[in-house]
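Below is one structure, written out as structure tokens; the observations come after it.
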Amino acid sequence: MRIRMRHRTALLLLPAALTVGAAAATPALRLVDAAAARDAARVRAWVGAGVGGAAARADGATALLWAAHRDDAETVELLLQAGADVDAADDHGVTPLARACENASAAMVGRLLDAGADPNAAQTNGLTPLMTAARTGSLAVVDALLGRGADVDAATAATQETALMWAVAERHHDVVRALVAHGAGVHPRPRQRFSPLIAAARNGDIEMAEALLAAGARVDDTGIDGGHPLAYAVIAGQSAFAHFLLEQGADPKGAVDGVTALHAAAGPVAEWLRAWRRNHGGARGSGARLKLNERLPLVNALLAHGADPNARMTASGVTHQGF
């Protein structure tokens with residue numbers, strides 16, 4: 001009997017709960033829901049009824065943020081005309097412009113900038129619209145942001161990552177050239193783990209390295225841990241890139257965490273990589289073995305350029321079990 005009464009009570013309370021939920025869905029929040037559903041007709045109806053676009057969900061997401069996320073030009077236009085705040089951000093600091101940059105939508109980015117969107121509005125993690133655009137690789141979006149005053153050298157507080165670093169890591173050559181043309185710094189910043197050239201070395205991207213060197217990057221620019229591009233290239237299994245750096249005058253004695261380029265070329269680098277990953281947090285330390293037919297030519301090249309055949313590892317997660 002008690003069980004039945006509980007069920008009856010729950011059934012009686014259900015309509016009341018639904019009524020309360022429906023009442024809580026104000027017209028402004030229904031406008032947000034319509035934008036999230038990409039329902040331009042409902043958005044138009046709510047806007048026509050005088051509902052503004054200032055309301056936000058519990059996470060701070062506004063109708064305009066959702067419309068930009070959906071790349072819904074019609075809804076964005078309706079909301080802007082209704083006075084929506086173009087820079088309203090969610091709880092993570094994500095603005096409509098940031099969403100448009102993630103979508104690599106040049107048209108949406110242009111419209112939001114025309115409406116006064118801040119090209120330097122950073123998310124709570126420090127990412128700016130330009131960094132996002134550099135990662136996604138849309139040159140048109142990057143150009144639009146730079147043309148409206150985006151800070152080309154803005155960096156995240158925690159890692160000092162810049163738009164240039166994102167573009168180099170993702171191999172967006174045209175974006176890198178655009179950033180450099182607007183004065184992007186090509187040298188490593190204080191507290192920056194990798195230099196732009198190191199990012200290119202890990203990818204084996206010689207074309208990218210040529211662009212960076214032409215812009216003034218130094219062939220031996222290191223990150224905060226003192227790691228050299230040449231050693232990173234060898235550890236990453238990028239033999240052609242390593243030869244390229246030697247031809248550009250790279251220090252043949254360069255090392256990463258106490259392991260020289262010659263150690264990496266001559267020995268079983270996979271053993272050291274496992275320890276490196278443990279010490280440096282995983283994927284960032286990933287690399288690949290050199291092919292067997294690449295080892296001897298690279299060792300000879302390093303020795304010919306002055307590498308020390310008697311050098312010893314000075315600091316590494318690997319002890320006697322290493323090379």
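The values are calculated or read from the model by the stated rules, or taken from the named source; none is laboratory data. Note that the structure is predicted; figures quoted are calculated from it, not measured. Note that each Cβ is placed from the backbone with ideal geometry, even for glycine, and that neighbours are counted across all protein chains shown.
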Task: Residue check, V109 under 16 Å from the mean Cα position of the chain (by Cα), part of a helix (DSSP H, G or I), surrounded by 22 or more Cβ atoms within 10 Å (Cβ to Cβ) and of a type in the set (A, V, I, L, M, F, W, C) - done: no
TODO: Return a yes/no flag: does region 249-271 have any residue that is in a strand (DSSP E or B), hydroxyl-bearing (S, T, Y), assigned by the TED database to the domain that holds I206 and modelled with pLDDT of 85 or more.
DONE: yes
Open item on the list: Suppose the filter is within 15 Å of the chain's Cα centre (by Cα), surrounded by 18 or more Cβ atoms within 10 Å (Cβ to Cβ) and without any contact (Cβ under 8 Å) to a residue 60 or more places away in the chain; does A167 pass it?
Closed with: yes
TODO: With the checklist (1) in a helix (DSSP H, G or I); (2) within 18 Å of A154 (Cβ to Cβ); (3) in contact with a Lys or Arg (Cβ under 9 Å, 6 or more places away or on another chain); (4) small (G, A, S) in hand, flag the one item A117 doesn't pass.
DONE: (1)
Open item on the list: If a residue must be within 16 Å of the chain's Cα centre (by Cα) and in a loop (DSSP other than H, G, I, E, B), how many such residues does region 179-221 contain?
Closed with: 4
